[in-house]
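Have a look at the structure below, then the notes.
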């Protein structure tokens, strides 16, 4: 299967709804090919929910939305076992997590107990309810959103939860031309209402296996390791990226190469993906924060200082 051609169809289809954000759509597609989860961190009204719905419709997957609130319970996410009086037996009533694309809207508004209900699902693709373990449908993607500005009434995601997101991306405000195009596109109808799948979930599963065969030359693989290790050794970083982060950077580089029509990974793939894949996995020191430096700036500095392998 030609992954570049399929990726072009998905990006073009989603671009009918999300205007001027082809790079973000490409990153989401990379996460899909790695069966990884995405943390969308941006202000309200940017299009995070619309993006999640457009992705689900474009790949023919089931979609469920969970609105996270302080009173949400873990059972509201995973489902419950209830006693059916007609059959005189306990039956499982699945929660919204039992879908292929799940939007965890404003995830940081739920309590840590409810947030932790996602941990098993995101890592092991299964849920356990009253000692009964059930597999989740494949492919399985969690798209979580959070507002980085409004902190009142929120519960910051613990490091273990954040580390399970393959990447963190932000849509950002559109340009003047793109915002004008949004007004015209939504003038008469919502393009999301007529969005059709461009391929099916079974094809996506096949492509997920295909990207694993993308060649990563030894020097490029060592470059991935060097970038990750540099996050642990930088003076401004208190906690660096884990081996899970190294694996995430490696796999996303394979997927990006396939999306761009190559059967091999180049160092530029790694440099391009390091910020969205690793920035949310590092914790900068309090002194660095007091100096007004942000994790994004530290991550950019790390990428710039690690020597890039060259041919020959």
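Overview of results
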{"quantity": "Selection count, the range 160-214, where residues are out of contact with any strand residue (DSSP E or B) (no Cβ under 9 Å at 6 or more places or on another chain), in contact (Cβ under 8 Å) with a residue 60 or more places away in the chain and closer than 23 Å to residue 248 by Cα", "calculated": "10"}
{"quantity": "Count of the range 50-65 residues which are farther than 22 Å from residue 3 by Cβ and in contact with a helix residue (DSSP H, G or I) (Cβ under 7 Å, 6 or more places away or on another chain)", "calculated": "3"}
{"quantity": "Test set (1) over 16 Å from the mean Cα position of the chain (by Cα); (2) modelled with pLDDT of 85 or more; (3) buried (at least 16 other Cβ atoms within 10 Å of the Cβ) - residue 122 fails condition number", "calculated": "(1)"}
{"quantity": "Scope the range 125-155; condition closer than 21 Å to residue 280 by Cβ and out of contact with any strand residue (DSSP E or B) (no Cβ under 9 Å at 6 or more places or on another chain); matching residues", "calculated": "149, 150, 151, 155"}
{"quantity": "Output for the range 217-242, where each listed residue is in a loop (DSSP other than H, G, I, E, B) and under 21 Å from the mean Cα position of the chain (by Cα)", "calculated": "240, 241, 242"}
{"quantity": "Hits in the range 297-312 - residues which are touching a helix residue (DSSP H, G or I) at 6+ places or on another chain (Cβ under 8 Å) and either surrounded by fewer than 16 Cβ atoms within 10 Å (Cβ to Cβ) or within 16 Å of residue 220 (Cα to Cα) (or both)", "calculated": "300, 303, 305, 306, 307, 308, 309"}
{"quantity": "Check on residue 117, modelled with pLDDT under 85, crowded, with 19+ Cβ neighbours inside 10 Å and farther than 26 Å from residue 296 by Cβ", "calculated": "yes"}
{"quantity": "Odd one out for residue 187 among (1) touching a helix residue (DSSP H, G or I) at 6+ places or on another chain (Cβ under 9 Å); (2) outside any helix (DSSP H, G or I)", "calculated": "(1)"}
{"quantity": "Lone qualifier among 97, 149, 182 - being surrounded by 13 or more Cβ atoms within 10 Å (Cβ to Cβ), in a loop (DSSP other than H, G, I, E, B) and assigned by TED's automatic domain parsing to the domain that holds residue 63", "calculated": "97"}
{"quantity": "Of all residues in the range 243-271 being out of contact with any helix residue (DSSP H, G or I) (no Cβ under 7 Å at 6 or more places or on another chain) and part of a helix (DSSP H, G or I), the one that is nearest to residue 6 (Cα to Cα)", "calculated": "251"}
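The values are calculated or read from the model by the stated rules, or taken from the named source; none is laboratory data. Predicted model only: the values in this text are computed from it and were never measured. Cβ atoms come from the backbone with ideal geometry, glycine included; neighbour counts cover every protein chain shown.
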